[in-house]
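The values are calculated or read from the model by the stated rules, or taken from the named source; none is laboratory data. Bear in mind the structure is a predicted one, so any value in this text is a computation, not a measurement. Counting neighbours? That spans all protein chains shown, and the Cβs are built from the backbone with ideal geometry, glycine included. Note: accessible area is taken over every heavy atom of the protein model, side chains too, but ligands, DNA and RNA are not part of it. Shrake-Rupley method; radii C 1.70, N 1.55, O 1.52, S 1.80 Å.
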Amino acid sequence: MKKYKYLLLDADGTFYDFPSCENIAIKRLFSNYNIPLTDDNLRIYHSANSALWQSFEEGKVSTDEIRVERFRPLMQKYNLEGQTKAAGLLYCQYLSENGILFDKARWCLDNLKKDYSLIMITNGLKEVQYGRFETSNTTHYFDHIVISEEIGVQKPKREFFTHTLNIINALPEECLIIGDSLTSDIQGGINSGIDTLYLHLNSEKKAGSYTYDASSYEELLAILND
């Protein structure tokens, strides 16, 4: 394969086990507001949250709206709508306190760090991501951390990647995007002319216009070392 200098790494679903982190935070939040931890209540939350993040990728809502609005349907159900904003902020705090990596993710980062400049690129909420990088002791792996909320544009927009390239003073052909999302990471590569590696660790491989794909960290490293 061609040689790259910079790896632009997605966080959640790629190296960080967000579902486990989310599960801990949800349980704490529901307990705090005496909301039963039922399948229906989880469905209400996840439905609102997923729709908002999709709208964010499309540029239709802000991160501030995500922080609050993802809990509104559930809080309305329990006549707690007046506490929706407080619940959203508390949830972000709980998320930030849990930096959980996938098995072998740290091993993979150790190996990648030997040969490449690692750049973290994420759409996640800034206080949540910085907190999780810190608690997982992974901040030192990244030469730069680029968070959409801080630069004012999100993946997959071309401007996000143009800004990232300017920060690291790199050309598109020197970079490889590694991520698990076809709509965010891979589409971002298509939009910006950057090669992509689709990492599908815990899900079935989906068809798409990615440059490479891998189903494990071992396979990812083998591709890069080819």
Checklist line | Breaking point among (1) over 15 Å from Ala11 (Cβ atoms); (2) under 18 Å from the mean Cα position of the chain (by Cα), for Gly124 | finding: (1)
Next item on the list: Please enumerate the residues belonging to the stretch 185-226 that are within 22 Å of Leu112 (Cα to Cα) and small (Gly, Ala, Ser).
Entry: Gly188, Gly189, Ala214, Ser215, Ser216, Ala222
Notebook entry, point to check: Which of the residues that make up the stretch 31-51 are out of contact with any Pro (no Cβ under 6 Å at 6 or more places or on another chain), open to solvent by less than 30 Å² (accessible area, probe 1.4 Å) and in a helix (DSSP H, G or I)?
Noted result: Asn41, Tyr45, Asn49
Margin query: If Asn225 satisfies all but one of (1) touching a residue at least 60 places away in the same chain (Cβ under 8 Å); (2) more than 28 Å from Ile26 (Cα to Cα); (3) open to solvent by 50 Å² or more (accessible area, probe 1.4 Å), what's the number of the condition it fails?
Written below: (1)
Notebook entry, point to check: Restricting the stretch 23-53 to residues that are basic (Lys, Arg) and free of Cβ contacts under 8 Å to residues at least 24 places away in the same chain, which is nearest to Gln76 (Cα to Cα)?
Noted result: Arg43
Margin query: Which pairs turn up if I take residues in the stretch 87-100 that are hydrophobic (A, V, I, L, M, F, W, C) and look for partners that are open to solvent by 40 Å² or more (accessible area, probe 1.4 Å) with beta carbon separation below 7 Å, at least 6 apart in sequence or on another chain?
Written below: Leu90/Asn32; Cys92/Glu127; Ile100/Ser20
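For Glu219, are the conditions met, namely being assigned to a helix (DSSP H, G or I), open to solvent by 40 Å² or more (accessible area, probe 1.4 Å), out of contact with any Phe, Trp or Tyr (no Cβ under 9 Å at 6 or more places or on another chain) and of a type outside the set (Lys, Arg)?
Numbers: assigned to a helix (DSSP H, G or I): yes; open to solvent by 40 Å² or more (accessible area, probe 1.4 Å): yes; out of contact with any Phe, Trp or Tyr (no Cβ under 9 Å at 6 or more places or on another chain): yes; of a type outside the set (Lys, Arg): yes.
Answer is yes for this residue.
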Note to self: Out of the residues in the stretch 66-103 meeting the condition of being under 18 Å from the mean Cα position of the chain (by Cα) and assigned to a loop (DSSP other than H, G, I, E, B), tell me which one is surrounded by the most Cβ atoms within 10 Å (Cβ to Cβ).
What the structure shows: Arg70
Next item on the list: Read through the list (1) within 22 Å of Ala105 (Cβ to Cβ); (2) part of a loop (DSSP other than H, G, I, E, B); (3) touching a strand residue (DSSP E or B) at 6+ places or on another chain (Cβ under 8 Å), then give the number of the only condition that Glu204 fails.
Entry: (3)
Check: Filter the stretch 15-30 for residues that are surrounded by fewer than 22 Cβ atoms within 10 Å (Cβ to Cβ) and in contact with a strand residue (DSSP E or B) (Cβ under 7 Å, 6 or more places away or on another chain); which is modelled with the lowest pLDDT?
Finding: Phe18
Margin query: For the stretch 189-222, which positions are without any contact (Cβ under 8 Å) to a residue 40 or more places away in the chain and among the aliphatic types (A, V, I, L, M)?
Written below: Ile190, Leu197, Ala207, Ala214, Ala222
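Can you confirm whether Val128 is open to solvent by 20 Å² or more (accessible area, probe 1.4 Å), of a type in the set (A, V, I, L, M, F, W, C) and under 19 Å from Gln54 (Cβ atoms)?
Working: open to solvent by 20 Å² or more (accessible area, probe 1.4 Å): no; of a type in the set (A, V, I, L, M, F, W, C): yes; under 19 Å from Gln54 (Cβ atoms): yes.
Criteria not met by Val128.
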